[in-house]
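Asker: I have a structure here, written as structure tokens, and I will follow up with some questions on it.
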Amino acid sequence: MTESELLRRQRAHLFFTWSAQTRARTLEITDAKGARFHVADKGWVWDLESQVYNVNVGHKHPHVRQRMVEQLDALPACAPNAVLPVRARLGELLVERGGLGADAKAFLATGGSEAVENAIKFARLLTGRTKVVTRRSSYHGATLAVLEIAGDARKQPFAATMAEGLHIEDPYPARAPAGERPSDWLESLYALVEREGGETIAAILLEGFTGTNGMQHPPADFWPGVRSLCDAHGILLIDDEIFSGFGRTGRWFAHERWGAPVDLMTMGKGLTSGYAPLSGVLVRGELAARFDEEVLWCGLTHYAHPVSCAAAVGSIEALAEDGLIANAQAVGEVFAARFAAMVEDPKLPAVVGQRGLGLMRALEIEGGAGPLAEQAWARGAFLPWKGDLAFLCPPLCMQSDEAHAVCDLLVDALVAAKSI
């Protein structure tokens, strides 16, 4: 494919992310609607990544656009201390849907990394402690402070200048050595807390449901066990729902599935369905009340940007009014059934596993998922992948017949990939 003039212009003066610049995989997207986008040199393709796992309501949703245009006409920019109807309404919606209690309060930022950084600041301010525990392979954002505490491989270029993080192994039976029980992972966490001293740990930070580092299910006792441990030592439990929130797993938030109340919850991505930059931290009421008289040492220029708030209000309203949370669960069950059949199909020996919740799903491909993604693209689907996992995370507006069409396409792609 020859490089277009538009790509040459953009490459000349803007960086692409997470890539050597000459090898960046680019898409010249000219239009989008629902669960698909249009590429200049290819036509319409299924968006199985929801762009960056964030276009939850689907592309070009008219209600989100309407809310944004209304705010642009009313007041497109203002200072963080301005009092606006759109800000008040968003706060009400986040508390209503978040599950942290009727007196919870939100702090808003512009991206997921900022949300996690501010959650850590809250935890340190509230506890007077400094240490944060995460999973070894977790990813919580790309800023230096967040990379330092997490275990994701994207920290490696900076690791020599970072303090060693406190990590527990992934608490998932699929990754456990033979003979271990799921509760052994809790024993590992208990040992870490005893070694470090519970009185020194500010927070345990966990993804509500892990994203592209596995999409593995936690054992039933894990989250309740972590909650009990936190209560025993005065540690705060932070739930990172940046990827899994706003309906992605078939619930408003994944923590609803685990039976363990959380103290703080980070959110982003689906908060605005990607229509404008916005993220946030939801804080339980009794913790938030600490700052009624104490100074909250957190802030940023674009705090609660009015147009971004309008996008969030519109997106949350669309998720509710269009029934997209229930749809994610129902269509996710279609994918789960079709993927289970692929695992059992002797004609598809490369498919060795499948897992997920709602429309946050993964296929495990023996030998690596790259060839499958290449063949899916040739047939009109953009399929994200990493190592031996292919990820299925389309917009929540995808319908059952569309899911079947995608699965038929993937079967054809798997057969073609096998013959390469």
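Asker: So residue 123 passes all but one of these: (1) outside any loop (DSSP other than H, G, I, E, B); (2) surrounded by fewer than 17 Cβ atoms within 10 Å (Cβ to Cβ); (3) small (Gly, Ala, Ser). Which condition number does it fail?
Answerer: (2)
Asker: Among the residues of segment 97-148 satisfying the criterion of being under 24 Å from residue 170 (Cα atoms) and among the hydroxyl-bearing types (Ser, Thr, Tyr), which is modelled with the lowest pLDDT?
Answerer: 137
Asker: Checking the condition in contact (Cβ under 8 Å) with a residue 12 or more places away in the chain and in contact with an Asp or Glu (Cβ under 7 Å, 6 or more places away or on another chain), which residue from 338, 355, 379, 361 passes?
Answerer: From the options 338, 355, 379, 361, the qualifying one is 379.
Asker: Moving to a separate point now. Scan segment 1-26 for residues that are within 25 Å of residue 157 (Cα to Cα) and in a loop (DSSP other than H, G, I, E, B) and jot them down.
Answerer: 14, 15, 16, 17, 18, 19, 20, 24, 25, 26
Asker: A further question on this structure: Mind telling me which of the residues 395, 346, 371 ends up being within 16 Å of residue 35 (Cβ to Cβ) and of a type outside the set (Asp, Glu)?
Answerer: Unique residue meeting the criteria: 395.
Asker: Residue by residue through segment 186-213, note down the ones that are in a loop (DSSP other than H, G, I, E, B) and either in the same structural domain as residue 362 (by TED's automatic domain parsing) or surrounded by 14 or more Cβ atoms within 10 Å (Cβ to Cβ) (or both).
Answerer: 208, 209, 210, 211, 212, 213, listed by residue number.
Asker: Starting from residues that are touching a strand residue (DSSP E or B) at 6+ places or on another chain (Cβ under 9 Å) and of a type in the set (Gly, Ala, Ser), keep the ones in segment 198-220 and report whichever is farthest from residue 362 (Cα to Cα).
Answerer: Taking segment 198-220 as the starting set, the residues that turn out to be touching a strand residue (DSSP E or B) at 6+ places or on another chain (Cβ under 9 Å) are 200-218.
Those still in the list that are of a type in the set (Gly, Ala, Ser) too: 202-203, 208, 211, 214.
Details: 202: 33, 203: 29, 208: 16, 211: 9, 214: 8 Å.
Once the filter is applied, the top-ranked residue is 202.
Asker: Condition first: within 24 Å of residue 246 (Cα to Cα), over 19 Å from the mean Cα position of the chain (by Cα), assigned to a helix (DSSP H, G or I) and among the small types (Gly, Ala, Ser). Now tell me which residues in segment 321-350 satisfy that.
Answerer: 330, 336, 337, listed by residue number.
Asker: Let me ask something additional. Could you check how many residues of segment 282-322 are surrounded by fewer than 16 Cβ atoms within 10 Å (Cβ to Cβ) and either acidic (Asp, Glu) or closer than 29 Å to residue 389 by Cβ (or both)?
Answerer: Of the residues in segment 282-322, 5 are surrounded by fewer than 16 Cβ atoms within 10 Å (Cβ to Cβ) and either acidic (Asp, Glu) or closer than 29 Å to residue 389 by Cβ (or both).
Asker: A further question follows. In segment 222-276, which residues are in a helix (DSSP H, G or I) and among the aliphatic types (A, V, I, L, M)?
Answerer: 226, 229, 232, 254, 271
Asker: Let me ask something else about it. Looking for something surrounded by 21 or more Cβ atoms within 10 Å (Cβ to Cβ), in contact with a Phe, Trp or Tyr (Cβ under 9 Å, 6 or more places away or on another chain) and among the β-branched types (Val, Ile, Thr) - is there at least one such residue anywhere in segment 328-337?
Answerer: no
Asker: Still on this structure: How many residues does segment 383-416 contain that are buried (at least 21 other Cβ atoms within 10 Å of the Cβ) and assigned to a helix (DSSP H, G or I)?
Answerer: Counting residues in segment 383-416 that are buried (at least 21 other Cβ atoms within 10 Å of the Cβ) and assigned to a helix (DSSP H, G or I) gives 5.
Asker: Of all residues being within 21 Å of the chain's Cα centre (by Cα) and crowded, with 22+ Cβ neighbours inside 10 Å in segment 54-77, which is nearest to residue 308 (Cα to Cα)? Just the residue, please.
Answerer: This residue is 64.
Asker: Quick one: which of 84, 93 is touching a residue at least 40 places away in the same chain (Cβ under 8 Å), surrounded by fewer than 22 Cβ atoms within 10 Å (Cβ to Cβ), out of contact with any Leu (no Cβ under 8 Å at 6 or more places or on another chain) and under 27 Å from residue 291 (Cβ atoms)?
Answerer: 93
Okay, residues lined up against (1) at positive phi; (2) in the same structural domain as residue 138 (by TED's automatic domain parsing); (3) at pLDDT below 95; (4) not hydrophobic (A, V, I, L, M, F, W, C):
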position: 215; (1), (2), (3), (4): yes, yes, yes, no
position: 250; (1), (2), (3), (4): yes, yes, no, yes
position: 254; (1), (2), (3), (4): no, yes, no, no
position: 265; (1), (2), (3), (4): no, yes, no, no
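Asker: I'm trying to understand the selection: among the residues of segment 362-372, which are outside any loop (DSSP other than H, G, I, E, B) and buried (at least 23 other Cβ atoms within 10 Å of the Cβ)?
Answerer: The answer is 362, 363, 365, 372.
The values are calculated or read from the model by the stated rules, or taken from the named source; none is laboratory data. Given the structure is predicted, the values throughout are model-derived calculations rather than measurements. Glycine gets a Cβ as well: all are built from the backbone with ideal geometry, and neighbour counts include every protein chain shown.
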